[in-house]
1. For residues that are farther than 15 Å from residue 149 by Cβ and among the basic types (Lys, Arg), tally how many sit in the stretch 237-259.
2. If the Cβ limit is 6 Å and pairs must be 6+ apart or interchain, which residue in the stretch 23-34 that is within 18 Å of residue 213 (Cβ to Cβ) pairs with which residue that is among the charged types (D, E, K, R) and at pLDDT 70 or above?
3. Among the residues of the stretch 239-255, are any under 23 Å from residue 282 (Cβ atoms), of a type in the set (S, T, N, Q) and not assigned by TED's automatic domain parsing to the domain that holds residue 41?
4. Would it be correct to say that residue 200 is outside any helix (DSSP H, G or I), over 26 Å from residue 85 (Cα atoms) and at pLDDT below 95?
5. Between a first residue in the stretch 276-289 that is more than 27 Å from residue 350 (Cβ to Cβ) and a second residue that is in a helix (DSSP H, G or I) and among the aromatic types (Phe, Trp, Tyr), which pairs have beta carbons less than 8 Å apart while being 6 or more apart in sequence or on different chains?
6. Please determine, by comparing only the residues of the stretch 289-343 that are polar (S, T, N, Q) and under 14 Å from residue 61 (Cα atoms), which one is farthest from the chain's Cα centre (by Cα).
7. Please give the helices (runs of 4 or more DSSP H) falling wholly within the stretch 206-312 in which 2 or more residues are over 30 Å from residue 37 (Cβ atoms).
8. Could you please find all residues in the stretch 323-332 being at pLDDT 90 or above and in contact with a Ser or Thr (Cβ under 8 Å, 6 or more places away or on another chain)?
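The values are calculated or read from the model by the stated rules, or taken from the named source; none is laboratory data. Keep in mind it's a predicted model, so treat the numbers as computed, not measured. Quick reminder, even Gly has a Cβ in these numbers, built from the backbone with ideal geometry, and neighbours come from all protein chains shown.
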Amino acid sequence: MAATTEPTVDNTATQTAAAKKKTKKVVADNSKYQGVEKVMPIALKSSHAKGRHAVAARDLVAGTLVAVEKAAAGIVRNQSFINLCHRCFGPVATKTQSRTKLDAAGKEVAGQKETVTVPSHSCGTCKMAAYCSEACAKQHEPEHTVQCAALAKCNPIATAHSVQLETLRAVLALIGRRAVQGGKPELVGQDVGGEPEFAGQAVEAKATPFGCVLDLNSNRHYLKRSAIKQQQAALKEVLELVPEAARVSLSEAVELACIFTTNQHQIAVGGSQMLGLYPFSALYFAHSCNPNCVYVGEVGGAMYVRTIADVSADTELTVTYADLFQPREQRRRDLLLSRHFWCKCRRCSQALSQSVDRLMDGIQCTACHRGVMIFEETKEVQDINELMTDISA
């Protein structure tokens, strides 16, 4: 393997994670999600070795749709803030208007004007929610009311505590969704689960219930203590601005933040970007650096999972969370830092001399252009392999 970038691992966090992983694994119950088998050509499985996973129920040709899911909660990415509706994730009409110019600190500059682009429909109170129509704004009102005051202050809070603004917005989106589950804000703190309703196309799909979010791993134990403290400080201020009836504990808020950052999917919708939490897909479509499926965004922020190769019956269905054209070491590092797992897929486990990765990690003679020279793994990489294998066992 090319001696390029070595995985950056917090030793304390990984040792703690290893200790926690010693608990006996339990085979998960798939009954909550079994309904998908009635509308999609897949079967849900669960085992000690693989955990939850989905397999092809029959032979599938490339391009077969195997899942449709609407996010349990989602946010429009900062760079696409005024381009997508914050409720339905459809396109937003914009307009230009003149206002007093603002300096780098956000303060008005006397006597100077500037022209800015703003959404045609937005929340006039927090100015942090854009909509495609008045109808969408009205339908989102019960959920947005829970978030509004906190959203207005999120930017300075995120800056003050060195926390990602999108993380705070995501937690508020989850709290808002939890509060209005079933139209009853008093459901907060109770079981707001329910079984998801599966459909064969986006127009028929309903958002996955909030209760399914809690089935996801937070991987909180992998985070550095300093990062947790920063999140706690920021979320404490945010929660003080959430209506008491919808407020969750600080510990629950941190857990939601960890769940979102570990399991989120970035979806492209008409050239704009959103981040969504899709519990079913995150639970059952495992990562592989040689996937047989791909997830894509559809109208309304729905996520479609399709096969990208012919798949035989009973074969596990996988997607990828990594850039497949990166060297092995870089892919594993990125997955460890973003998803908190050490990839042990067939491509990553195969000897480098026999893997397609040799073509990315090796070097070639510039004179004869014959063969590829690869490097043995460094001692540091071998140590990381052993440590992460122990943690994932």
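1. Number of matching residues: 0.
2. Filtered contacts from the stretch 23-34: 28/52; 32/195.
3. Checking the stretch 239-255: at least one residue is under 23 Å from residue 282 (Cβ atoms), of a type in the set (S, T, N, Q) and not assigned by TED's automatic domain parsing to the domain that holds residue 41.
4. Against the criterion (outside any helix (DSSP H, G or I), over 26 Å from residue 85 (Cα atoms) and at pLDDT below 95), residue 200 does not qualify.
5. Close Cβ pairs satisfying both conditions: 277/260; 280/33.
6. Of everything passing the filter in the stretch 289-343, 312 is farthest from the chain's Cα centre (by Cα).
7. Where helices (runs of 4 or more DSSP H) fall fully within the stretch 206-312 and carry at least 2 residues being over 30 Å from residue 37 (Cβ atoms), they are 225-239, 250-263.
8. none
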